[in-house]
There are 2 protein chains.
Amino acid sequence: MTRPMPTTAPPGRPPGTTSTRPHILAAARELFAERGYEQTTIRSLAARARVDPATVMHHFPTKEDLLGHALELPIDPAVLVRDLGREPGTEGETLVRRVLALWEDPDTRLQLTALLRIAVSHETAAAAIRGLFTRELLGPLAERLDGPDAQMRAGLVATQIAGLALLRFIIRVEPVATADHDILVQHVGANLQRYITAGDGHSHDGTQAP
Amino acid sequence: MTRPMPTTAPPGRPPGTTSTRPHILAAARELFAERGYEQTTIRSLAARARVDPATVMHHFPTKEDLLGHALELPIDPAVLVRDLGREPGTEGETLVRRVLALWEDPDTRLQLTALLRIAVSHETAAAAIRGLFTRELLGPLAERLDGPDAQMRAGLVATQIAGLALLRFIIRVEPVATADHDILVQHVGANLQRYITAGDGHSHDGTQAP
């Protein structure tokens, strides 16, 4: 930051200016990621966005409202599930490859990490991210799964993907953190496939095959 | 808090008092969980622990040192892996049952959530938790796995367990959040079993069985 930051808005930017809203949201994402949801105040946000606190309140009456709008996935969920069923039996491996490719991008990784940081920092933030997650990722995935319990199996796919991302990219636990893509695609892909195809080796009525 | 909190130590508690060190560590855990690692200062910690900052520095010369000692698993890893191989083929389901039982305990859940919150908040914290995780959980689990790549497979088991805990207990994504234990034990257990037994349906030389 090379110029001093005013604590109130520069004059002449009316609340209705079309660029104000995304500008405030961008500042909110920065502060939520840096300080967490709790520590971010409307005042600090206004200072970062270089607008008046009243302008923030005009666009986002509550901090919860702001959070809901500030959160957006840095990825296009369609990219993850597109043509997933084209080669039946390979969906799991394809998903792992796509997830790894997304997380390997430094910008995407930073944004997804910020999202997780916000999610674990506060219940209100967790609720907003829960909604985002369900709407943008689980829903589209569940729609592509055949068989019973598609929502549950989509949710279980998400647990494996989330845990892989957490240990590989955020906490960086070895040997998962530096494992070759092919190793992860093979092992994790096979397990995702089991969720996706309603579990080979298990019947669908809740009892376990021998 | 019913009594005012002094900003310096009550007189008469010398740095060497045997109860001082765990007392400081308990306060550190509280503050790390509440504010994150970054926002916790030696001064704020001394105030919380009701000791002098110099006493904190005497026991823990750096904040990193403090972090390393403040972090401890609120669970006994031996409980997770004890007699795991007694009934071969059921290790995965047993692990899921034990993990769910641990997380259902409110105190344990709070402490594990705090640990994760610290882990994602700062690189230094992540490094400390990485070490803890590897030493206390992955090591003992890998020792119990037969076959090649035991460390890798133990790591993959951990990704699935971590992701399940994250989505069920912290972000609380439905339907995983309220799923019956039996459903989770069945589906997730089967996938853990695949990691544990070096992958049924896959050969061990890196190629995939048809």
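Structure values in brief
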{"read-out": "Counted residues, the stretch A:138-174 - those being in contact with a Gly (Cβ under 7 Å, 6 or more places away or on another chain) and either polar (S, T, N, Q) or outside the structural domain of A:VAL185 (by TED's automatic domain parsing) (or both)", "value": "2"}
{"read-out": "Failed condition for B:THR20, given (1) crowded, with 17+ Cβ neighbours inside 10 Å; (2) closer than 20 Å to B:ALA165 by Cα", "value": "(2)"}
{"read-out": "Enumeration of residues in the stretch A:165-185 that are touching a residue at least 24 places away in the same chain (Cβ under 8 Å), of a type in the set (A, V, I, L, M) and within 21 Å of A:GLY89 (Cα to Cα)", "value": "A:LEU184, A:VAL185"}
{"read-out": "Lone unmet requirement of (1) modelled with pLDDT of 85 or more; (2) more than 7 Å from every other protein chain (Cβ to nearest Cβ); (3) over 15 Å from B:ALA119 (Cβ atoms) for A:PRO210", "value": "(1)"}
{"read-out": "Which numbered condition B:ALA70 fails, given (1) more than 19 Å from A:ILE171 (Cα to Cα); (2) free of Cβ contacts under 8 Å to residues at least 60 places away in the same chain", "value": "(1)"}
{"read-out": "Considering residues of the stretch B:153-182 that are more than 19 Å from the chain's Cα centre (by Cα) and in a helix (DSSP H, G or I) only, the residue farthest from the other protein chains (Cβ to nearest Cβ)", "value": "B:HIS181"}
{"read-out": "Residue list for the stretch B:184-198, restricted to those being farther than 19 Å from B:LEU137 by Cα and more than 7 Å from chain A (Cβ to nearest Cβ)", "value": "B:LEU184, B:VAL185"}
{"read-out": "Matching residues in the stretch B:127-148 - criterion: being at the interface with chain A (Cβ under 8 Å from one of its Cβ atoms) and either touching a Lys or Arg at 6+ places or on another chain (Cβ under 7 Å) or over 11 Å from A:VAL173 (Cβ atoms) (or both)", "value": "B:ARG130"}
{"read-out": "Matching option when the condition is under 20 Å from B:ALA154 (Cβ atoms) and either at pLDDT 80 or above or among the small types (Gly, Ala, Ser) (or both), among B:GLY68, B:GLY85", "value": "B:GLY85"}
{"read-out": "Qualifying residue in the stretch A:119-137 (condition: in a loop (DSSP other than H, G, I, E, B) and polar (S, T, N, Q))", "value": "no"}
{"read-out": "The stretch B:34-91, residues that are assigned to a helix (DSSP H, G or I), surrounded by 13 or more Cβ atoms within 10 Å (Cβ to Cβ) and among the β-branched types (Val, Ile, Thr)", "value": "B:ILE42, B:THR55, B:VAL56, B:VAL81"}
{"read-out": "Every pair of residues 6+ apart whose Cβ atoms lie under 7 Å, when the first sits in the stretch A:26-52 and is within 14 Å of another protein chain (Cβ to nearest Cβ) and at positive phi while the second is part of a helix (DSSP H, G or I) and hydroxyl-bearing (Ser, Thr, Tyr)", "value": "A:GLY36/A:SER121"}
{"read-out": "Count - residues of the stretch A:170-190 that are out of contact with any Leu (no Cβ under 8 Å at 6 or more places or on another chain) and on the phi < 0 side of the Ramachandran plot", "value": "10"}
{"read-out": "Residues of the stretch B:32-69 classified as within 26 Å of the chain's Cα centre (by Cα), farther than 22 Å from B:ARG130 by Cβ and β-branched (Val, Ile, Thr), total", "value": "3"}
{"read-out": "Count of residues meeting criterion [at the interface with chain A (Cβ under 9 Å from one of its Cβ atoms) and without any contact (Cβ under 8 Å) to a residue 40 or more places away in the chain] in the stretch B:114-126", "value": "3"}
{"read-out": "Unique residue being out of contact with any helix residue (DSSP H, G or I) (no Cβ under 9 Å at 6 or more places or on another chain), at negative phi and more than 14 Å from chain B (Cβ to nearest Cβ) when the list is A:PRO106, A:PRO88, A:PRO74", "value": "A:PRO106"}
{"read-out": "Positions within the stretch A:173-207 being at pLDDT below 90 and crowded, with 17+ Cβ neighbours inside 10 Å, in sequence order", "value": "A:ALA198, A:GLY199"}
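The values are calculated or read from the model by the stated rules, or taken from the named source; none is laboratory data. Quick caveat: nothing in here was measured; it's all calculated off a predicted structure. Heads up, the Cβs are rebuilt from the backbone with ideal geometry, glycines too, and the neighbour counts pull from every protein chain shown.
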